[in-house]
Each structure stands twice: as structure tokens, then as C-alpha cells.
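The values are calculated or read from the model by the stated rules, or taken from the named source; none is laboratory data. Model, not experiment: these values are computed from the prediction. Note that each Cβ is placed from the backbone with ideal geometry, even for glycine, and that neighbours are counted across all protein chains shown. SASA here: full protein model, heavy atoms, side chains in, ligands and nucleic acids out. Shrake-Rupley method; radii C 1.70, N 1.55, O 1.52, S 1.80 Å.
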Amino acid sequence: MAEKTFEKGVSAPPVELDGSGLRIAIVRTRWNHTLVENLYNCVFETLTKKYKVLPENIVSDTVSGSYELPMAAKQLIDLSKTQASETASDLLGSPALQQKKTNKKTGPFDAVICIGIVIKGGTAHFEYICDAVTHGIMRVQLDTGVPVMFGVLTCYNDEQAIARSSTEEGFHHAEEWAAGAVEQSLRRHRVL
Ligand SMILES: Nc1c(NC[C@H](O)[C@H](O)[C@H](O)CO)[nH]c(=O)[nH]c1=O
Ligand SMILES: CC(=O)[C@@H](O)COP(=O)(O)O
């Protein structure tokens, strides 16, 4: 029997996705920062070059470790909603004036992308962090209604982390996180 082949792990977006009207936050860890920066750069490049998200509509933030990602995502979402509801004014004047100066979008984030790398050590700490972060990120997106991408590599060793964050295989994960953020954002505005 012919061996079945399949596109393992590849999630092709269903259609051309236009992210030009989206506002997206990316929060990444400083833990394992050299490899995390590779993933962040790939996510940013994919958002802007492949999905037309405007660089000025991407807000980037950092936290210490992956365990802090869910809270950071919640804080970013809540802050963006609060700022959207207040009468916004800043050094550039009213949003209307700001809007005339740039295409910078204000208001609630359409999606958040969390990026981190957790590498197992000698204790059960790894399992507890991965479990907490996974459930935490899922809870934030369900509670807020804002899609939050799980861009956290959970690696048993350094080699897995390096392979998934500094080779073509690694950037395939990061590209999927970017695609997921755009697709899930646009789903919220569908007309059925
Ligand atoms: N070992 C890793 C950590 N550990 C730190 C925790 O994420 C957290 O910052 C600390 O427990 C304080 O709350 N974080 C990673 O992102 N990756 C690791 O491999
Ligand atoms: C996943 C971690 O926090 C890890 O760095 C902890 O290492 P260890 O389990 O050896 O304390």
C-alpha cells in the first residue's frame, strides 16, 4: 500500500487574508530571548509583508517569562478597550487629528500573539509552567473575546528549541501564529 503522505502541521489559511485594517499586539518573553527574538521577527515580518498589517498598528511588549504571558495579554486587551472608550487625546491632539497624520489605528486590539520558549530542566517546573500558560492563554481569549495566539514552544531540550526557532521549520510555526491572528481577527467581523 502506498505510504500516505500529509502536510504535517501546516495550516494553510483558507483564503487571501487582508490584515490592513487590524490592530495587533505581540507580547514576548525575555527568557530565552535570543531564540524568542527570531520568532518575534518572523511573526512581525509575516504580519506586515504577507498579511498587510501596518507596522504602526502592531504594538510590541515584553515580559520576563512565559508564565507572565496570560496576564500581559489580559492587561493589553483591557487597556486597549479602556483607551478606546475614553475621550482619547494626546500630544498629537484628538484621534481624528492623529488619524489624519497616520494610518495608525487606535482602539481595542483585534488579536494578541504571545511568544515564548519553555525548555524542560531537571524538575517538574516545566510541566507546571506549560500547563498554566496554555490554560491561561485560552482563558484570556475566551473571557475577553479577543483571539490570543499560543506562540509558546514547549521543548524537552535545547536542540528542539533551536530547531523550532532558528531554522525554516521554526519559522513555519511563527508564520502560523501570524496567520492565525489575522484569520481569527477577521472572523470576528464576518457577515454570515
Ligand atoms: N524556565 C523557563 C521560564 N521560567 C520562568 C517563568 O516563566 C516565570 O517567569 C517565573 O516562574 C516567575 O513567575 N520561563 C520561560 O519562558 N521559559 C523557560 O524555559
Ligand atoms: C522550565 C523551567 O523553569 C526550567 O528552566 C527550570 O529548570 P529546573 O526544572 O531544572 O529547575
**OP:** Select from segment 36-79 the residues that are more than 16 Å from ligand 2 (Cβ to nearest atom) and polar (S, T, N, Q) and list them in ascending order.
**Re:** 38, 41, 46, 48, 57, 60, 62, 75
Original post:
So, in segment 131-144, of the ones that are hydrophobic (A, V, I, L, M, F, W, C) and open to solvent by 20 Å² or more (accessible area, probe 1.4 Å), which residue ends up farthest from ligand 1 (Cβ to nearest atom)?
Top reply: 142
Original post:
Could you say which residue among 140, 146 is in a loop (DSSP other than H, G, I, E, B) and not small (Gly, Ala, Ser)?
Top reply: 146
**OP:** May I ask you to list the residues in segment 105-130 that are over 16 Å from residue 73 (Cβ atoms), open to solvent by less than 20 Å² (accessible area, probe 1.4 Å) and either of a type in the set (Gly, Ala, Ser) or modelled with pLDDT under 75 (or both)?
**Re:** 107
Subject >> Per-region count, segment 79-104, residues in contact with a helix residue (DSSP H, G or I) (Cβ under 9 Å, 6 or more places away or on another chain), at pLDDT 65 or above and either open to solvent by less than 60 Å² (accessible area, probe 1.4 Å) or among the hydroxyl-bearing types (Ser, Thr, Tyr) (or both) >> reply: 0
**OP:** Name the single residue, out of those in segment 41-78 being out of contact with any Phe, Trp or Tyr (no Cβ under 6 Å at 6 or more places or on another chain) and part of a loop (DSSP other than H, G, I, E, B), that is most open to solvent (accessible area, probe 1.4 Å).
**Re:** 52
